[in-house]
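See structure below.
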Amino acid sequence: MKIIVDSGSTKADWIFFDDQGKWLLSVSSLGLNPEVLTVEEFEIRVQLLPDVKKYKDQIKSFYFYGSGCGSSRAKKIAYDFFDNYFENANYIEVREDTYGAVYATTAIGSQAIVCINGTGSNCSYFDGNVVHQAVESLGYIAMDDCSGSAFGRLMIRGYFLKMMPDDLRKSIEHKYDLHPDVIKDHFYKKENPNAYLASFLPFLIQYKDHEYFQEMIVSQIQFFVDHYIKQFKEADTVPVHFIGSVAYFLQEEFARVLKLNGLQLGRIYQKPMDGLIEFHQQNI
């Protein structure tokens, strides 16, 4: 039996295959980001999954594509846990979520720029065989531009700095608890502060046609184009694919900005799992 996992900071999708590559079942869990979770929190989230526990001794190969696994330290945390947990596995692979996005959108041998715009963000160039990074991600505090956490931060700042128009201020007050103590508790005491910031994204999606949000959205996408996508000299000649809820629900805005910049828009998926299933059935 084989498992592939695609994990962001907010949610992880698990797919089980039999030995012939047939899809058996799928389950979801909370996100498994070893950069923002303690080792104990990471382990608890896996151990709470009954289907994983039920079949863990039958797993022969395991593939994990996860947010936060770009650093060797975080990657080792995830690998060591899975290596111990799936005792009978012959093969375990842990890679950053970039590889999941690339394999989901781009055929081996083809070239593309592949972007992740979900809770966090990332941008890579795939030369057909190898994934290249032009920008080293520093996470949601310093980077993750044009992501759910970035938009959440902008909305919270806009509200408290009274930059947000009154009609939006009244609407957001009805939907979220914006007491400063609640927000700071999420920032400094609770787990996954980046996922908390991204939890404001549905509000932006709901009111995305408002002039205030349109300016914010277009500005963030253009910044991402200028400082992430255009870092690659190949940007003008290869398709640009996107994975993640931000890109998926704002795809009209993404398409418009890319066209203005003379870039070729490729695929936009909310989640990479459908493409990953096909990739693993065909290639592994």
Failed item in (1) buried (at least 21 other Cβ atoms within 10 Å of the Cβ); (2) β-branched (V, I, T); (3) outside any strand (DSSP E or B), with I3 passing the rest: (3)
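So that you can scan it fast, the table gives a plain yes or no per residue for (1) outside any loop (DSSP other than H, G, I, E, B); (2) under 21 Å from L250 (Cβ atoms); (3) not basic (K, R):
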{"position": "F151", "(1), (2), (3)": "yes, yes, yes"}
{"position": "M164", "(1), (2), (3)": "no, yes, yes"}
{"position": "I172", "(1), (2), (3)": "yes, yes, yes"}
{"position": "V182", "(1), (2), (3)": "yes, no, yes"}
Take segment 194-242 and flag every residue that is open to solvent by less than 50 Å² (accessible area, probe 1.4 Å), under 19 Å from S110 (Cα atoms) and touching a Gly at 6+ places or on another chain (Cβ under 8 Å). P239, V240, H241, F242
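Restricting to segment 243-266, count the residues that are open to solvent by 50 Å² or more (accessible area, probe 1.4 Å) and over 24 Å from G152 (Cβ atoms).
5
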State whether one or more residues within segment 156-167 are more than 16 Å from G66 (Cα to Cα), of a type outside the set (S, T, Y) and within 22 Å of the chain's Cα centre (by Cα). yes
For segment 31-121, please list each of the helices (runs of 4 or more DSSP H) lying entirely inside it that holds at least 2 residues being farther than 30 Å from I229 by Cα. 39-47, 50-55, 72-85
State the number of residues belonging to segment 106-145 that are of a type in the set (D, E, K, R) and either in contact with a Gly (Cβ under 7 Å, 6 or more places away or on another chain) or open to solvent by 60 Å² or more (accessible area, probe 1.4 Å) (or both). 2
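Quick one: which residue in L154, L178, L138, L161 is among the hydrophobic types (A, V, I, L, M, F, W, C) and touching a residue at least 40 places away in the same chain (Cβ under 8 Å)? Even if it seems obvious, please write down each step before you answer.
On the way: L178 fails: touching a residue at least 40 places away in the same chain (Cβ under 8 Å); L138 fails: touching a residue at least 40 places away in the same chain (Cβ under 8 Å); L161 fails: touching a residue at least 40 places away in the same chain (Cβ under 8 Å).
Sole residue among the options that is among the hydrophobic types (A, V, I, L, M, F, W, C) and touching a residue at least 40 places away in the same chain (Cβ under 8 Å): L154.
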Please go through segment 239-284 and give me each residue that is within 20 Å of S28 (Cβ to Cβ), part of a helix (DSSP H, G or I) and among the charged types (D, E, K, R), ordered by number. D274, E278
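Given the structure, is Y103 closer than 23 Å to D274 by Cβ, open to solvent by 20 Å² or more (accessible area, probe 1.4 Å), of a type outside the set (A, V, I, L, M, F, W, C) and in contact with a Phe, Trp or Tyr (Cβ under 7 Å, 6 or more places away or on another chain)? Reasoning before the result, please.
On the way: closer than 23 Å to D274 by Cβ: yes; open to solvent by 20 Å² or more (accessible area, probe 1.4 Å): yes; of a type outside the set (A, V, I, L, M, F, W, C): yes; in contact with a Phe, Trp or Tyr (Cβ under 7 Å, 6 or more places away or on another chain): yes.
Yes: the conditions hold for Y103.
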Considering only residues that are touching a strand residue (DSSP E or B) at 6+ places or on another chain (Cβ under 8 Å), surrounded by 21 or more Cβ atoms within 10 Å (Cβ to Cβ) and among the small types (G, A, S), which ones fall in segment 9-30? A12
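The values are calculated or read from the model by the stated rules, or taken from the named source; none is laboratory data. Please read these numbers as outputs of a predicted model, since none were measured by experiment. Heads up, the Cβs are rebuilt from the backbone with ideal geometry, glycines too, and the neighbour counts pull from every protein chain shown. For the accessible areas, the whole protein counts, side chains as well, though only heavy atoms, and no ligand, DNA or RNA atoms are used. Shrake-Rupley method; radii C 1.70, N 1.55, O 1.52, S 1.80 Å.
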